[in-house]
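Enquirer: Let me give you the structure first, and then I'll get to my questions.
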Amino acid sequence: MDNLSYREGLVSDPVLYASLQSTIRHYLSGYLHQFLVTYGDGLLPVSIALENVWHVLNVPCCSGDWACDMAYQNPLMEVVGMDVDPRRITFAQAQATAQGITNATFLLGNMETLVPPDQHYDLVHIRFLAPLIRQNAWERVCSGWWPLCRPGGLLMWTEMRIPSTNSHAFTEWGALLTSSVEQDGLTADITPRMAPLLRSSGFLQVKEVLSTIDISSNTKLHKHVCMHIWDILNFVQCILLFSGVASTSLLYELYEHMIQDLLSDQFQGTWTFVTYLATKERQMRPVE
């Protein structure tokens, strides 16, 4: 069975496809974390003073890379990672144990399962949540972040945009991916709404920081992207096949053109990550 036929068979089975989605998120989480730590702004894209940061919450923690690194670099902190997937929690805890990290704890669940009066966090770190949240649920989700922060505490929220390139195939591929996500009622790009959502949830001093990484063919990052692009595109192609937003032949043609464009000396592209840092006011939240 060729690779394309295998992918078609895989995505036709909802149980196998659900397992594939978990694998995709696990892989992409690790890849994006290492990419940002190595070529971006590191663990904290926004410079903040950590002297009064003792309790940190990371949601969703995925494979635990960020939480483990944060705990390792700051041994006096207590870092809690939370995710809805038990396999990722198991992996994250095993990773912490293997590295001898004792100040990182991983919990199964979501932010709504935490009881705010029992634990207020100095820093709530949220990253790459958009594809998991339905478009009509953001107000409820964001309002739940408020009680998790201690008065005067910080919330740091990072999302990414689809890379912008001079490749027509990449542009069409991105449009298909957006369609496949949105037809399920989920969110492809939440970046335009991030600031209003934080303000309406009661956070103050909402500050935006953009991190744009050049991935063009003449940059040092191009080789790194090329090393992983086949796996990433294969994963995304499975999602597109399952969604039915395009025919198999069109997806295969776009895939071939994207690879050709990426390997070309004329390839130009940028990848933008949007981070907002917000503060919870010290006084009581106004009654709406």
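The values are calculated or read from the model by the stated rules, or taken from the named source; none is laboratory data. Fair warning: this is a prediction, and the values are worked out from it, not measured in the lab. Every residue, glycine as well, gets a Cβ built from its backbone with ideal geometry; the counts of neighbours run over all protein chains shown.
Residue-by-condition table, conditions (1) at pLDDT below 90; (2) more than 22 Å from THR191 (Cβ to Cβ); (3) among the aromatic types (Phe, Trp, Tyr):
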position: PHE91; (1), (2), (3): no, yes, yes
position: GLY100; (1), (2), (3): no, yes, no
position: THR105; (1), (2), (3): no, yes, no
position: GLY109; (1), (2), (3): yes, yes, no
position: PRO117; (1), (2), (3): yes, yes, no
position: LEU123; (1), (2), (3): no, no, no
position: ILE126; (1), (2), (3): no, no, no
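Enquirer: If you don't mind, there's one more thing I want to ask. Can you pull out the residues in the stretch 184-198 that are without any contact (Cβ under 8 Å) to a residue 24 or more places away in the chain and either over 17 Å from the mean Cα position of the chain (by Cα) or over 15 Å from VAL274 (Cα atoms) (or both)?
Expert: To start, the set of residues in the stretch 184-198 that are without any contact (Cβ under 8 Å) to a residue 24 or more places away in the chain comprises 192, 196.
Residue satisfying the conditions is PRO196 alone.
Enquirer: A further question follows. Test each condition in (1) touching a residue at least 60 places away in the same chain (Cβ under 8 Å); (2) closer than 29 Å to THR270 by Cβ; (3) crowded, with 19+ Cβ neighbours inside 10 Å for CYS142 and report the one that comes out false.
Expert: (1)
Enquirer: Given (1) without any contact (Cβ under 8 Å) to a residue 12 or more places away in the chain; (2) surrounded by 18 or more Cβ atoms within 10 Å (Cβ to Cβ), identify the lone condition not met by LEU155.
Expert: With respect to (1) without any contact (Cβ under 8 Å) to a residue 12 or more places away in the chain; (2) surrounded by 18 or more Cβ atoms within 10 Å (Cβ to Cβ), LEU155 is out only on (1).
Enquirer: Take the stretch 227-247 and flag every residue that is within 19 Å of LEU32 (Cα to Cα) and in contact (Cβ under 8 Å) with a residue 12 or more places away in the chain. Break it down into steps so the answer makes sense when it comes.
Expert: Here is the first cut: in the stretch 227-247, the residues within 19 Å of LEU32 (Cα to Cα) are 227-237, 239.
The answer is HIS228, ILE229, TRP230, ASP231, ILE232, LEU233, ASN234, PHE235, VAL236, GLN237, ILE239.
Enquirer: Please determine, by comparing only the residues of the stretch 130-161 that are assigned to a loop (DSSP other than H, G, I, E, B) and touching a Leu at 6+ places or on another chain (Cβ under 8 Å), which one is nearest to PRO45 (Cα to Cα). Full working, then the answer.
Expert: First, pick out the residues of the stretch 130-161 that are assigned to a loop (DSSP other than H, G, I, E, B): 133, 144-145, 161.
Adding the requirement that they be touching a Leu at 6+ places or on another chain (Cβ under 8 Å) leaves 133, 145.
Numbers: ILE133: 23, TRP145: 20 Å.
If we take residues in the stretch 130-161 being assigned to a loop (DSSP other than H, G, I, E, B) and touching a Leu at 6+ places or on another chain (Cβ under 8 Å), then TRP145 is nearest to PRO45 (Cα to Cα).
Enquirer: Test each condition in (1) outside any helix (DSSP H, G or I); (2) closer than 28 Å to ARG140 by Cβ; (3) modelled with pLDDT under 90; (4) polar (S, T, N, Q) for THR272 and report the one that comes out false.
Expert: (3)
Enquirer: Just to verify a result, which residue in the stretch 162-208, among those that are among the β-branched types (Val, Ile, Thr) and not in a strand (DSSP E or B), is surrounded by the most Cβ atoms within 10 Å (Cβ to Cβ)? So that I can check it myself, show each step before the final result.
Expert: As a first pass, look at the stretch 162-208 and keep what is among the β-branched types (Val, Ile, Thr): 162, 165, 171, 178, 181, 187, 190-191, 206.
Filter again for not in a strand (DSSP E or B), leaving 162, 171, 178, 181, 187, 190-191.
Numbers: ILE162: 16, THR171: 16, THR178: 15, VAL181: 19, THR187: 21, ILE190: 18, THR191: 18.
Checked the stretch 162-208; the qualifying residue surrounded by the most Cβ atoms within 10 Å (Cβ to Cβ) is THR187.
Enquirer: While we're looking at this one, here's another question. If you go through the stretch 162-183 one residue at a time, do you hit one that is under 23 Å from ASP65 (Cβ atoms) and either free of Cβ contacts under 8 Å to residues at least 60 places away in the same chain or touching a Leu at 6+ places or on another chain (Cβ under 9 Å) (or both)? Write out each step before concluding.
Expert: The first filter runs over the stretch 162-183 and keeps only residues under 23 Å from ASP65 (Cβ atoms), leaving 162-163.
With the extra rule that they be either free of Cβ contacts under 8 Å to residues at least 60 places away in the same chain or touching a Leu at 6+ places or on another chain (Cβ under 9 Å) (or both), the set shrinks to 162.
Scanning the stretch 162-183 turns up at least one residue that is under 23 Å from ASP65 (Cβ atoms) and either free of Cβ contacts under 8 Å to residues at least 60 places away in the same chain or touching a Leu at 6+ places or on another chain (Cβ under 9 Å) (or both).
Enquirer: Would you pick out the residues in the stretch 27-60 that are modelled with pLDDT under 85, touching a strand residue (DSSP E or B) at 6+ places or on another chain (Cβ under 7 Å) and among the aromatic types (Phe, Trp, Tyr)?
Expert: TYR39
Enquirer: To continue, here is another question. Can you name every residue in the stretch 212-246 that is within 29 Å of GLY185 (Cβ to Cβ) and either at pLDDT 85 or above or among the polar types (S, T, N, Q) (or both)?
Expert: Correct list: ASN234, GLN237, SER243, VAL245, ALA246.
Enquirer: Which of the residues that make up the stretch 65-87 are buried (at least 21 other Cβ atoms within 10 Å of the Cβ) and in a helix (DSSP H, G or I)?
Expert: If the condition is that a residue be buried (at least 21 other Cβ atoms within 10 Å of the Cβ) and in a helix (DSSP H, G or I), then ASP65, TRP66, ALA67, CYS68, MET70, ALA71 are the ones that fit.
Enquirer: Another question, then. Tell me which residues, restricted to the stretch 167-206, are of a type in the set (Lys, Arg) and closer than 20 Å to PHE128 by Cβ. So that I can check it myself, show each step before the final result.
Expert: Taking the stretch 167-206 and keeping what is of a type in the set (Lys, Arg), we get 193, 199.
The one that is of a type in the set (Lys, Arg) and closer than 20 Å to PHE128 by Cβ: ARG193.
Enquirer: Mind checking whether some residue in the stretch 78-89 is of a type in the set (Gly, Ala, Ser) and at positive phi?
Expert: Taking the stretch 78-89 and keeping what is of a type in the set (Gly, Ala, Ser), we get 81.
If we keep only those that are at positive phi as well, we get none.
No, because not a single residue in the stretch 78-89 is of a type in the set (Gly, Ala, Ser) and at positive phi.
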